[in-house]
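Asks: Here it is, the structure in full.
The values are calculated or read from the model by the stated rules, or taken from the named source; none is laboratory data. Fair warning: this is a prediction, and the values are worked out from it, not measured in the lab. Don't worry about glycine lacking a Cβ; one is built from the backbone with ideal geometry, like all the others, and counts go over all protein chains shown. These area figures cover heavy atoms from the full protein model, side chains too; ligands, DNA and RNA do not enter into them. Shrake-Rupley method; radii C 1.70, N 1.55, O 1.52, S 1.80 Å.
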Amino acid sequence: MSSGFVRVDGRLPDQLRPIKMAVGVLDKADGSAYVEQGNTKVLVAVYGPRELHPKHQASLDSAIVRCRYHMAPFSTKERKTPAPSRREVELSKVIKDAVSQAIFLENFPRTSIDIFIEVLEADGGTRCASINACSLALANAGIPLRDLISSVAVGKYRGCIILDLNDEEDEAAEADMPIAMMPSLNMITLLQVNGVLTEEEFKRAFNLAVKGCMEINMIQRETLRSVYASIKGEED
Amino acid sequence: MKTFRVVSQLVRARMVDLLSKNSRIDGRGLLDYREIKVEKGFIGRAAGSAQVSIGSTKVLAGVKVELGEPFPDVPDKGILTVNAELVPLASPAFEPGPPDENAVELARIVDRALRETETVDLKMLCIEPGRKVFVVFVDIYVLDYDGNFIDASSLASIIALSTARIRRFRVEDGKLKYEDGYMPLPIRHIPVTVTLAKPNDGPFIVDPNLEEELSLGNRISISIDELGRICGIQKLEGTLSVDEIFKAISIAKDVAPKLIDIVRRESGLNV
Amino acid sequence: MTERRIVLPGELLVEGDYQPGLNVFKYGGGFYASKIGVLSIVKQTVSVIALHGVYEPKVGDVVIGKIIDVGTFSWTVDIKSPYTAVLNASDYFKGRFNPARDPLIKVLKPGDMIIAQIADFDRTKNPVLTVQGFGLGGITRGIIVELSPSKIPRLIGRKGSMINLLKREGKCQITVGKNGLIHIVGEKPEDEELVAQAIRKIEREAHTTGLTDRIMRFMKKGGS
């Protein structure tokens, strides 16, 4: 059924948007990353591990993760007021839960790792782009990780299962499903379904999402490698 | 974070010593800006946008234009509003939450220079007096903070405004009619802001970096437009004598044309 | 010498009969990297020499810190690690401390820099410093430069070759803190600045060949 189905931006159903990634883009942060997926643009900074104030929030045997997902007022079609919405509060939590799984929190008792996400332009898939950027920024900060986390959304749009929805597709979709995973360890760290899918559709969508995550993981790894490529030609 | 606010005494001593010999810790001349970089049109969803870096200080300004009601006391004018966010990714010292006093002060400094010069001709943005006007939002996002976000923000804001494009429109019997294509906002002036700092005994510098900002103790921001008019002054921390204030203004007037040239080059604005 | 392989978090390094070393974890039968770094296999121990990361304090390390707060009985010291350190007045005054007579702020105030050694640290408490030892104590002159802690071994060089070159050619005393801060003190500010520039060059070019020779030429020329 997907043969010949062409999407609003001319992509095939199983095709990602053009992706751009960079790490170490901010001077003051301990780790940072910038990710573009299509028109969606996300900037992430990581601070820490650092001492936690107020101290009573601290955990005696591990670091805690604090995460703020926030949209710039000019990121959306209508100007978004800068005060955090309920949606942003929820996304902050699900992103935190998704990326915390990868961090060796037990190495840094009594500290916090603070993740700040600014969506500079929103054209669908902002939480997935955020997770991809968080993972790069955490690696860039030198925080010990079990794996990089890769994330993408799939959805059902006019009866067809499609990968990496843009905003126009997202608004018209019958269902959308963001997932995030640790590809090397084959573990899922985020799964949300919004809409209605049959079991068969879910399986197809899920498999497509895993394939998308694998592609994104390759790009993340290339991005990190390219930064350190010069190191290969060692040393005295 | 406390460690951020405390500057090493060694650095402070070296800084003041160098200033007495007319040089600076990062090797700049007293009246030199760090390298200024501009990237415009970066946000597709904004009518206009500009990312300005001064050294590693980085600011993104976005302009959105929407319909709204005019203020009752100026029923025949559109509205300009400037908002600034010191987003927490920019510095270990910035916290999430509503704009604090520093963010509000920053927004008001930028706003004042634009407003007092009538840089945006708001009369042109009225559709139906008392009922319907265009509202121009300038949102300033400080992304990386290594000192002097005021000058970077004012530069990013005027470039975002002067490169903004809105749907071409005309007004017929108080009704808004859109036409084909896009048009610029009515921009009449180019105000820029020059921030200066000095130690108690020593010369003024422009564009203090973060260590200078935290160490020198006396700071002032002066906005100047392309006609050389003073269109806003904010004394920040510290104290300055009368003579020092006149000195600061004359330096700002000397330095401002360089910033105004950048705006002209980026926007093609001919004012 | 084997090829130096850059590895990334989650990358499978080896399988089989090995021991996990620094920045490596075991999962199933495999050994995986947890940080970006260079793979190192010595005997049967697999480790990753990290290219990034914060300084994790270890007892015995010499560090350079900044006083950020002064209490009645101790100073709080930023040592550029996840944990701020404590310097007790009883250590500074060798036990002859009387809070009524010796206000701490008279001795060390916020912004002052110190060279200290980590005397005590574990998971339950913050690092405790001591300034009792040769070369330890308050810093009164010179400059401090910062280097990523992961590049400190490169600054020291094989058997101290690089750091000795800098000391000799730069005519400066240099103290290297394990936490990535370096104290340079010389006769003239120009000498200090030249050494600082050389260290920045080492930071930029840490992983290129022939660096020691280039630094030697840089120092002889008095800058580039």
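Asks: Filter the range A:154-188 for residues that are closer than 19 Å to residue A:199 by Cβ, part of a strand (DSSP E or B) and among the aliphatic types (A, V, I, L, M) and give the result.
Replies: Listed by number, the residues that qualify are A:154, A:161, A:162, A:175, A:177, A:179, A:188.
Asks: I'd like to check something: does the range C:178-190 contain any residue that is surrounded by fewer than 18 Cβ atoms within 10 Å (Cβ to Cβ) and under 26 Å from residue C:37 (Cα atoms)?
Replies: no
Asks: Quick one: residue C:160 ticks every box in (1) among the small types (Gly, Ala, Ser); (2) in a loop (DSSP other than H, G, I, E, B); (3) under 30 Å from residue C:82 (Cβ atoms) bar one, so which box is it?
Replies: Of (1) among the small types (Gly, Ala, Ser); (2) in a loop (DSSP other than H, G, I, E, B); (3) under 30 Å from residue C:82 (Cβ atoms), only one is false for residue C:160: (2).
Asks: For the range C:166-224, which residues satisfy the criterion of being within 14 Å of another protein chain (Cβ to nearest Cβ), acidic (Asp, Glu) and touching a residue at least 12 places away in the same chain (Cβ under 8 Å)?
Replies: Passing the criteria: C:191, C:192, C:193, C:203.
Asks: Test of understanding: among B:64, B:77, B:58, B:40, which residue is within 23 Å of residue B:101 (Cα to Cα) and modelled with pLDDT of 95 or more?
Replies: Result of the check over B:64, B:77, B:58, B:40: B:58.
Asks: Could you check, for the range C:22-41, whether at least one of its residues is more than 10 Å from chain A (Cβ to nearest Cβ) and either touching a residue at least 60 places away in the same chain (Cβ under 8 Å) or on the phi > 0 side of the Ramachandran plot (or both)?
Replies: Within the range C:22-41, not a single residue is more than 10 Å from chain A (Cβ to nearest Cβ) and either touching a residue at least 60 places away in the same chain (Cβ under 8 Å) or on the phi > 0 side of the Ramachandran plot (or both).
Asks: May I pose another question? Considering only residues that are small (Gly, Ala, Ser), outside any strand (DSSP E or B) and within 11 Å of chain A (Cβ to nearest Cβ), look in the range B:72-93 and name the one that is most open to solvent (accessible area, probe 1.4 Å). Steps first, answer last, please.
Replies: Taking the range B:72-93 first, the residues small (Gly, Ala, Ser) are B:78, B:84, B:90-91, B:93.
With outside any strand (DSSP E or B) added as a condition, the list becomes B:78, B:90-91, B:93.
Then keep just the ones that are within 11 Å of chain A (Cβ to nearest Cβ); that gives B:90-91, B:93.
On the way: B:90: 0, B:91: 1, B:93: 22 Å².
Out of the qualifying residues, it is B:93.
Asks: Can you pull out the residues in the range C:15-29 that are buried (at least 16 other Cβ atoms within 10 Å of the Cβ) and more than 27 Å from the chain's Cα centre (by Cα)?
Replies: If the condition is that a residue be buried (at least 16 other Cβ atoms within 10 Å of the Cβ) and more than 27 Å from the chain's Cα centre (by Cα), then C:18 is the only one that fits.
Asks: Spot the failing condition for residue C:154; the list is (1) out of contact with any strand residue (DSSP E or B) (no Cβ under 9 Å at 6 or more places or on another chain); (2) part of a helix (DSSP H, G or I); (3) surrounded by fewer than 16 Cβ atoms within 10 Å (Cβ to Cβ), and only one is missed.
Replies: Condition not satisfied by residue C:154: (3).
Asks: Six or more apart or on different chains, Cβ atoms under 8 Å: show the pairs whose first residue is in the range B:94-106 and within 19 Å of residue B:60 (Cβ to Cβ) and whose second is in a loop (DSSP other than H, G, I, E, B).
Replies: B:94/B:87; B:94/B:145; B:99/A:82
Asks: Could you tell me whether residue B:67 is within 11 Å of chain A (Cβ to nearest Cβ) and under 30 Å from residue B:167 (Cβ atoms)?
Replies: Answer is yes for this residue.
Asks: Have a look at A:52, A:26, A:43 and point out the one that is farther than 30 Å from residue A:176 by Cα and either in contact (Cβ under 8 Å) with a residue 40 or more places away in the chain or more than 19 Å from the chain's Cα centre (by Cα) (or both).
Replies: A:52
Asks: Across the range A:3-30, what is the total count of residues that are out of contact with any Gly (no Cβ under 7 Å at 6 or more places or on another chain) and more than 10 Å from chain B (Cβ to nearest Cβ)?
Replies: At the first step, the residues of the range A:3-30 found to be out of contact with any Gly (no Cβ under 7 Å at 6 or more places or on another chain) are A:3-15, A:19-29.
Imposing the further condition that a residue be more than 10 Å from chain B (Cβ to nearest Cβ) reduces the set to A:3-15, A:19-24.
Residues meeting the conditions: 19.
Asks: Assess whether residue A:46 counts as being more than 9 Å from every other protein chain (Cβ to nearest Cβ) and either open to solvent by less than 30 Å² (accessible area, probe 1.4 Å) or closer than 20 Å to residue B:87 by Cβ (or both).
Replies: Judged against the criteria, residue A:46 is not a match.
Asks: Please state which one of A:33, A:98 is more than 16 Å from residue B:95 (Cα to Cα), part of a strand (DSSP E or B), more than 8 Å from every other protein chain (Cβ to nearest Cβ) and out of contact with any Lys or Arg (no Cβ under 8 Å at 6 or more places or on another chain). Before the answer, list the steps.
Replies: Working: A:98 fails: part of a strand (DSSP E or B).
Testing whether each residue is more than 16 Å from residue B:95 (Cα to Cα), part of a strand (DSSP E or B), more than 8 Å from every other protein chain (Cβ to nearest Cβ) and out of contact with any Lys or Arg (no Cβ under 8 Å at 6 or more places or on another chain) leaves just A:33.
Asks: Could you say which residue among C:63, C:38 is surrounded by 15 or more Cβ atoms within 10 Å (Cβ to Cβ), assigned to a strand (DSSP E or B) and in contact with a helix residue (DSSP H, G or I) (Cβ under 9 Å, 6 or more places away or on another chain)?
Replies: C:38
Asks: Shifting gears a bit: Right, residue C:90: buried (at least 20 other Cβ atoms within 10 Å of the Cβ) and either in contact with a Ser or Thr (Cβ under 6 Å, 6 or more places away or on another chain) or not in a strand (DSSP E or B) (or both) or not?
Replies: So residue C:90 fails the test.
Asks: Still on this structure: Please pick out the residue among A:216, A:161, A:188 that is surrounded by 15 or more Cβ atoms within 10 Å (Cβ to Cβ) and in contact with a Ser or Thr (Cβ under 6 Å, 6 or more places away or on another chain).
Replies: Every option except A:216 fails the conditions.
Asks: Sticking with this structure for a sec: Please go through the range C:93-108 and pick out each residue that is farther than 15 Å from residue C:131 by Cα and surrounded by 10 or more Cβ atoms within 10 Å (Cβ to Cβ).
Replies: C:99, C:102, C:103, C:105
Asks: Which pairs have Cβ atoms under 7 Å, sit 6 or more apart or on different chains, and link a residue in the range C:146-157 that is over 14 Å from residue C:211 (Cα atoms) to one that is of a type in the set (Ser, Thr, Tyr) and assigned to a loop (DSSP other than H, G, I, E, B)?
Replies: Within 7 Å, the pairs are C:149/C:55.
Asks: Hey, can you tell me all the residues within the range C:191-221 that are open to solvent by 50 Å² or more (accessible area, probe 1.4 Å) and more than 20 Å from the chain's Cα centre (by Cα)?
Replies: C:209, C:213, C:214, C:216, C:217, C:220, C:221 - these are the residues of the range C:191-221 that are open to solvent by 50 Å² or more (accessible area, probe 1.4 Å) and more than 20 Å from the chain's Cα centre (by Cα).
Asks: Take the range B:94-131 and flag every residue that is in a loop (DSSP other than H, G, I, E, B) and out of contact with any Lys or Arg (no Cβ under 8 Å at 6 or more places or on another chain).
Replies: Scanning the range B:94-131 gives B:94, B:95, B:97, B:98, B:99, B:100, B:129, B:130, B:131.
Residue-by-condition table, conditions (1) within 14 Å of chain A (Cβ to nearest Cβ); (2) small (Gly, Ala, Ser):
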| residue | (1), (2) |
| --- | --- |
| B:25 | no, no |
| B:62 | yes, yes |
| B:99 | yes, no |
| B:105 | no, no |
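Asks: Let me ask something else about it. Of the residues that make up the range B:32-42, is at least one open to solvent by 60 Å² or more (accessible area, probe 1.4 Å) and within 30 Å of residue B:200 (Cα to Cα)?
Replies: Checked against the condition, which is being open to solvent by 60 Å² or more (accessible area, probe 1.4 Å) and within 30 Å of residue B:200 (Cα to Cα), the range B:32-42 yields at least one hit.
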